[in-house]
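Read the structure below first, then the notes.
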Amino acid sequence: MTHRSSPRVAVLGFSIECNKFAPPATKAHFLARTYLEGDVIISQARSPNPTMLPETPGFVAAMDGSGPWTPVGIALAMTEPNGPVEHAFFVELLDTIGRRLRAALPLESVYICSHGAGLTTEEDDPDGVLFEMVRQIVGPDVPIAATLDLHANVSERMVRAIDAFIGYRTNPHLDMRERGAEAAAAIREMLAGVKPQRAFIRLPIVPPTVTMLTAAGPYAEMIDFGQRRMTPEIMNVSVMGGFAFADTAKNGLSVVVTARGEKAAAERLAREIAELGWANRARFYPRLTSLDEAVAKALAVGRDFSLPSLAFADVADNPGGGGRGNTTFLLRAFHEAGVAGVVLGVFYDPDLAAEAHWQGLGSSFQARFNRSENTKFSEPYTAPAKVVALTDGNCVGRRGIYAGLRLELGPCAALDVGGITVVVISHRVQCADPIFFEMMGLDIGRARAVVVKSRGHFRGGFDEFFGPDQIVEVDLPGLTSPMLSRFEWQRLPRPVIPLDDNVEWVSTEEST
């Protein structure tokens, strides 16, 4: 293929993490977060405060800085983690991408911003379907690079359909922009003639979410080992922890190594990384703090100011994994135990936020949490409350995964519930950024305890307040509980760690 001096590069994406146990995601969810077509994708990516996550801005900036190119915006759809996407919308999105991609031909390359743990109500591998369609349209010789979340559940066709597979390396995900830039560098190399080869291995390990931090632990060691073994032969090493709650046949801790030309180099390194993970398989079991112990810890720091403040993570109700962000187990326990000096959030309850705005600042009323929802986990709870702050929910992220992003949380309220300040929001999002409390005028540094509805991304936003020893992961019911034995799995490959005994694995690899 002959490449022009300003190569035409298509930019497109479909990004959502889907929890099969959560309610379906609709087109409206994407329209409310990020749904873009055409040139506006590129202009948004170049703006100082985009609505999209940072991979695409990082890709566009790196392409802009590395030479001439002609970006061709196709379509980009992304939203907060949720249940499976309504299949009709996914088909509509595929039709849009296919139509725009064909109209854009000829192309020299394609960049895909993907998550990798998507689902639809009828398809367990929509990312693979998308990758395969793009390949069929552009042909076998057009380089395709994709960035993926490290929670991606990787299928053979995902790996087979693209040339450069680039996964996040940090959890919390603070390297999204850098991975987008890495995809740009890979495309530049491929346009210059590099023909990548890939090796792919999946282990019978489905790591609980809390075992996949990258600061320390068995998963971190796999990533670190892969990066230390990088040589000029290797373009990228991606260790993908996967997302258990997708409940698919492609679930499992995966290693994808992309070599610049020699397939054997990719195979050797992929096998070594997988063998390290398997040797540490006994460490992929969660350790959480019981609710009673969490209450005792919160009471202790509230009474003794010589103790360091604590952050309590409601990991089982993480909107970043499809949780609804509205379980009341921790709120109820802290309130009934008389825990004070607490900031809790962000609690997704549009009805309660609307009532607080109607009541007005300074008003006292009976706050009814989850009045419109009474499900297995999202139980109602009523308590006396006072409205202490109100906002429209428009803000720009300050730290962590939301840094620099323009966010709209809808009408928000801060309610004083017996010494616990609860921040209530109208658009569901995980509590990963201090701005969600600070926009309400709350001083996190003065709180004795902070409760966050988040699994791990809060660590990248609240690290200026809480070190690792000040974080308490609480064992509670919820759609994102790391205790995987509590769920009824239908398609997860079995036997698998940590659910089964006598799990075996033989070191092999699939190369593409």
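The values are calculated or read from the model by the stated rules, or taken from the named source; none is laboratory data. All values derive from a computational prediction rather than experimental measurement. All Cβ positions, even for glycine, are placed from backbone atoms using ideal geometry, and neighbour counts span all protein chains on display. Heavy atoms of the whole protein, side chains included, go into the accessibility calculation; ligands, DNA and RNA do not. Shrake-Rupley method; radii C 1.70, N 1.55, O 1.52, S 1.80 Å.
A compact table of results
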{"quantity": "12 Å Cα-Cα reach of LYS453 towards aspartates and glutamates, excluding residues that sit fewer than 8 places from it in its own chain", "calculated": "ASP314, ASP317, ASP433, GLU473"}
{"quantity": "The chain - accessible surface per residue (Å², probe 1.4 Å)", "calculated": "36"}
{"quantity": "Euclidean distance of C-alpha centroids, the stretch 168-230 and the stretch 307-338, integer Å", "calculated": "31"}
{"quantity": "Prolate/oblate/rounded call for the stretch 342-473, Cα gyration tensor, a/c under 1.5 rounded", "calculated": "prolate"}
{"quantity": "Positive minus negative residues near VAL72 (Lys, Arg vs Asp, Glu; Cβ under 15 Å)", "calculated": "+2"}
{"quantity": "TRP278, TRP358, reordered so the largest accessible area comes first (probe 1.4 Å)", "calculated": "TRP358, TRP278"}
{"quantity": "Part-to-part distance (alpha-carbon centres) for the stretch 232-298 and the stretch 355-421, which is given in Å", "calculated": "36"}
{"quantity": "Mean Cα-pair separation over length for the stretch 134-213, i.e. relative contact order, pairs under 8 Å, 6 or more apart, %", "calculated": "31"}
{"quantity": "Area accessible to solvent at LYS263, 1.4 Å probe radius, in Å²", "calculated": "80"}
{"quantity": "All-pairs Cα distance distribution in the stretch 176-280, expressed in whole percent, bin size 10 Å", "calculated": "15, 43, 33, 9, 0"}
{"quantity": "Under 20 Å from LYS250, Cα to Cα: lysines that are on another chain or at least 8 residues apart", "calculated": "LYS20"}
{"quantity": "Relative packing of peptides 462-469, 124-131, 168-175 - highest average C-beta neighbours within 10 Å first", "calculated": "124-131, 168-175, 462-469"}
{"quantity": "Set of lysines with alpha-carbon distance to LYS195 below 25 Å, sequence-local pairs under 8 removed", "calculated": "LYS263"}
{"quantity": "The chain: C-alpha pair distances exceeding 30 Å, %", "calculated": "47"}
{"quantity": "Percent of Cα pairs exceeding the 11 Å cut-off, where the set is the stretch 351-391", "calculated": "63"}
{"quantity": "Burial ranking of peptide ranges 150-162, 228-240 (average Cβ count within 10 Å, highest at the top)", "calculated": "150-162, 228-240"}
{"quantity": "Carbon plus sulfur fraction of accessible area for the chain, probe 1.4 Å, in percent", "calculated": "50"}
